Structures are given as structure tokens and as C-alpha cells.
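Below is one structure; the comments refer to it alone.
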Amino acid sequence: MTIINNIQPAIWIHRSRDAQGDTACVKSILPKHYDFYFKIFLPIIFENEESGQCRKVTYEKLANLGGIPFENSFCQNSIPSLIASFITSSSVEDYNMLENLISILGSKTPVIFHGVGEENVPKKFADPWIVKGKMEKLPVVVNALNGNTKIELVHFPNYIFPMDKNWCLGNLIPQSGLFLLGCDDTIAQKLLNQVEIEAIELSAEAIYFEFPNS
């Protein structure tokens, strides 16, 4: 894996998104020209307090347990503290979800993985970077990004896109548990026709994330 600090091939994303707008809005993360937009949830694990057993649960189910609407902006921050104390993530489930996503987007698709640079990652990822490769290499990139972490996966490429830019996967809010996908009809139908990945369709104007109260 070769890390490149010349991020010119990814500049189009930052020029095409509404970088001055509300960071909880879809169009502030992804370029605004796609036909379809989706919020994709990373897997979440719920521990039953009475039985002590853990199981994968959907965000929609958590919303129902918390008695709150499952709306566009629903995320981990939306979940009442009574429930939040019993949810966690699993790197095994995360990698399984990534493999399903790779299948939808095309394992052999040439892509660019792009990161904007962040803290608490291996030094080679601290500054803006890109890695060129095929989509099937996503777990390798994620594993390298999380070299300083232990159990959970907390770091992902901020953007992934193919050379023809027919879709773009974005994740700019650290540890949000969410990806945004802008895509064409072909990818949209593949995502809608599967059941392994929890996703909801949004508009470019939608508020997709709820920041915690300060």
C-alpha cells in the first residue's frame, strides 16, 4: 500500500460539496450532483441487561426501543442514555459489513481512498493522503488506519470514489458510525435490493446526523 500526500485527484470532492454549510447536511459531505444519496449505518451490538447476551440490532429497532422517531438524522447520539449504555460496536461485524459494501460497489473497481488527516492515527495518515487501489483493498486500508486502536474500528477513509466518479462514499464526522453514499441508479438498486446493510435513502438537502447537546 503506497500512501501519497499529493491529494490533487481528490480535490474535486472538496470543490463540489457545500463546505461552508451545516456539517450535519448531506451536501456538506458529498458532491451535490448524484441522483441518489444514502446513509449507511455501521453495525451496532445491543447487550441485553437481563440475559447478558449480545446481538446485532438495527438502528430502526433501537429507535423503537427508545420510543423516538426513526428519522433522517437518527444516529447513536439520538439514542436515550438508558439504551446507549448497552450498545457497542464490533470490529468483526464492521469488517463483515465492509465486505458486503465492497460487493455492491465492485471488488475489482479501481478507486482512490482519501483521508483528510486526523489525530490518533499512525503517523503516515496524520496529513491529507490518498491511496490508489481496487475496492477489495478497503479492509487493508481500514486495518492500517486503526493501527493505534485495539478492539473497535474507529478510523475509516474519509472518501472513497472510483476513477469515473459514478459514486462517492463519504465519512467526515469521526466515530459517527455512519457513511454517506452518493451514486447512480445501478448502485442504488443494488443497495436497495440487499438486506445485510442497513441504509436509508436521503436527499442532498437532508440533515443526516444529530450532534450531541453541548
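DSSP loop (so not H, G, I, E, B), at most 15 other Cβ within 10 Å: list which GluC sites (Glu not before Pro) in segment 1-93 pass both filters.
Numbers: sites: 47, 49, 50, 60, 71, 93; in loops: 49, 50, 71.
Qualifying residues, ordered by number: 49, 50, 71.
Treat every Asp and Glu Cβ in the chain as -1 and every Lys and Arg Cβ as +1, leave all other atoms uncharged, and give the resulting dipole magnitude about the Cα centre to the nearest 20 debye. Before the final figure, lay out the partial values.
Numbers: 17 positive and 24 negative charges, 164 e Å.
It works out to roughly 780 debye.
Considering only lysines 8 or more places apart in sequence, or on different chains, count the pairs in segment 98-201 whose C-alpha atoms sit under 21 Å apart.
Summing the qualifying lysine pairs gives 19.
So, by mean Cβ neighbours within 10 angstrom, what's the order for 115-128, 153-166 with the highest one leading? Could you put the intermediate results ahead of the total?
Working: 115-128: 14.7, 153-166: 19.7.
Ranked by mean Cβ neighbours within 10 Å, highest first: 153-166, 115-128.
Given only helices, namely DSSP H runs of n ≥ 4 each adding -39500 (n - 2.57), what is the per-residue ellipticity at 222 nm of the chain, to the nearest 500 deg cm²/dmol?
On the way: 7 runs with 53 residues, N = 214.
Per the formula, -6500 deg cm²/dmol.
Of 97, 1, how do they rank once you tally other Cβ atoms within 10 Å and put the fewest first?
Going from least to most buried by this count: 1, 97.
Want the number for residue 77 to residue 92: 0.36 nm per residue separation, take away the alpha-carbon distance, what's left?
Numbers: separation 15, 0.36 × 15 = 5.40 nm, distance 2.25 nm.
This chain segment gains 3.1 nm when fully extended.
How do the peptides 21-30, 100-109 rank, highest first, by the average count of neighbouring beta carbon atoms within 10 Å per residue?
By packing density, highest mean first, the sequence is 21-30, 100-109.
Once you put a point 7 Å from the Cα of residue 48 and another 7 Å from the Cα of residue 11, both along the Cβ direction, what distance in nm separates them?
Taking the simple label geometry, residue 48 and residue 11 are separated by 5.6 nm.
Every number here is computed from the coordinates shown, using simple stated rules; none is lab data. Note that this is a predicted model, so its numbers are computed, not measured. Methodologically, a virtual Cβ is constructed for each residue, glycine included, from the backbone with ideal geometry; neighbour enumeration extends over all protein chains shown.
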